[in-house]
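Peer 1: Pasting a structure here, questions to come.
What follows is calculated from the coordinates using simple rules that are stated; it is not laboratory data. Since this is a predicted model, take the numbers as computed values, not measurements. Please note: Cβ atoms are built from the backbone with ideal geometry, for glycine as well, and neighbour counts cover all protein chains shown.
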Amino acid sequence: MTTPIIRARHVAIIMDGNGRWAKKRHLPRVVGHQRGVEAVRKLVRSLKDSDLECLTLYAFSSENWRRPEDEVDDLMDLMRKFIRSDLEEFVENGVRLRIVGDYQALAPDIVDLLENALDRTSQGTRTVAVALNYGGQQEIARAARLAAEAGPVTAEAIESHLFTADLPPLDLLIRTSGEVRLSNFLLWQAAYAEMLFLDVLWPDFTPAHLADALDQFAVRERRYGGR
Ligand code: FPP
């Protein structure tokens, strides 16, 4: 019997290993993050040749505030620069930006940049969702609170209040750098997602790695608890 080929609609990535990439080269951590942004840029560009509908990237977790202030500032600066330099390319390539997480708590100038980018890209046909100030447990608690305000707290009601409510169901979750844990990312959405843990540091991740991951996904058998 041949295994049916299934196309992934929504892939999420925990982009891990920027620090180790830099350390291996005796470079400052910020260089690892800069190269990480380069990897993001190439991946987003490659989407126009793929039939993936949605890519969700874990850029800054609710817990990342605990990093040294310099590093948090570097990450925020990279975010500013990335939006400024790549926004028009997003628009031209039909990429719709989405933010998952409590981005309103970021610096006011970043909130403005993000809201302008959300607005400018709203007509895009494929989605890049960036998780910013995001925590999965916090997202579930928020969704449960909103569900309770509106009626019975069922799984469906909670789901309808997640940041990802209007995105396709998560098919595949990838983590780079060899670590095997979820780190508070898309906890609810990962319930039936396939997982792929790669021994590649994020700055070395290329569109070919994503294409390989999609090929592997295509032949995995998913049962959703059934037989
Ligand atoms: C993990 O590497 C990576 C992060 C905490 C940040 C991810 C951010 C980027 C790739 C750049 C910003 C993204 C955009 C969309 C502009 P780590 O520092 O934890 O690496 P380590 O575990 O090797 O120390």
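Peer 1: Go through the stretch 99-107 residue by residue and turn each phi into a ³J(HN,Hα) via Karplus (6.51, -1.76, 1.60, θ = phi - 60°); whole Hz please, and just put x for glycine and proline.
Peer 2: 10, 10, x, 8, 6, 4, 7, 7, 4
Peer 1: Each residue of the stretch 54-65 in turn: what ³J(HN,Hα) in whole Hz from Karplus with 6.51, -1.76, 1.60 and θ = phi - 60°, glycine and Pro shown as x?
Peer 2: Whole-Hz 3J(HN,Hα) from phi for the stretch 54-65: 8, 10, 10, 10, 8, 9, 7, 8, 4, 8, 5, 4.
Peer 1: Once you list every other residue whose beta carbon is under 14 Å from the beta carbon of Ala144, what net charge do they have if Lys and Arg are +1 and Asp and Glu are -1?
Peer 2: Net of charged neighbours comes to -2.
Peer 1: For Ala59, list long-range residues whose amide hydrogen, built 1.01 Å from N in the peptide plane, is under 5 Å from its own amide hydrogen.
Peer 2: When sequence neighbours closer than 5 places are left aside, the close amide H contacts are Ala131.
Peer 1: I would also like to ask the following. Name the residue farthest towards the positive end of the dipole of the chain from the options Gln216, Ala190, Thr125, assuming +1 on Cβ of Lys and Arg, -1 on Cβ of Asp and Glu, about the Cα centre.
Peer 2: Gln216
Peer 1: Please provide three numbers in whole Å: the alpha-carbon extents of the stretch 39-197 along the principal axes, with the largest listed first.
Peer 2: That works out to 44, 39, 36 Å along the principal axes.
Peer 1: I've got another one for you. HN-Hα J couplings of the stretch 165-170 from phi, Karplus 6.51/-1.76/1.60, θ = phi - 60°, integer Hz, Gly and Pro as x?
Peer 2: Result, ordered by residue: 3, 9, 9, x, x, 5 Hz.
Peer 1: Same structure, new question: Give the peptides 217-225, 165-173 in descending order of average Cβ contacts within 10 Å, highest first.
Peer 2: 165-173, 217-225
Peer 1: Hey, rough spin-label estimate for Asp70 and Ala150, points 7 angstrom out along Cα→Cβ, what's it come to in nanometres?
Peer 2: Distance between the two pseudo-spin positions: 4.6 nm.
Peer 1: Sticking with the crude label model, points 7 Å out along Cα→Cβ, report the distance from Val180 to Glu115 in nm, one decimal please.
Peer 2: Taking the simple label geometry, Val180 and Glu115 are separated by 4.5 nm.
Peer 1: Evaluate the Kirkwood expression for the hydrodynamic radius of the stretch 129-220, namely the inverse of the mean inverse distance over all pairs of different C-alpha atoms, and round to one decimal in Å. Walk me through the numbers before you get to the answer.
Peer 2: On the way: mean 1/r = 0.0678 Å⁻¹.
Taking the inverse mean of 1/r over all distinct Cα pairs, the stretch 129-220 comes out at 14.7 Å.
Peer 1: Order of Ser85, Ser46 from fewest to most other C-beta atoms within 10 Å?
Peer 2: Going from least to most buried by this count: Ser85, Ser46.
Peer 1: Could I ask something else about it? Arrange Thr206, Thr164, Thr176 by Cβ neighbour counts within 10 Å, fewest through most, would you? Present the calculation step by step, with values, prior to reporting the outcome.
Peer 2: Values: Thr206 14, Thr164 22, Thr176 25.
With the sparsest Cβ surroundings first, the list reads Thr206, Thr164, Thr176.
Peer 1: Separate question: Among Leu55, Tyr134, Ala147, which residue has its Cα furthest toward the positive end of the charge dipole of the chain, with +1 on Lys/Arg Cβ and -1 on Asp/Glu Cβ?
Peer 2: The residue sitting most towards the positive pole is Leu55.
Peer 1: Separate question: Kirkwood Rh, the stretch 1-58, all Cα pairs: how many Å?
Peer 2: Its Kirkwood hydrodynamic radius stands at 13.4 Å.
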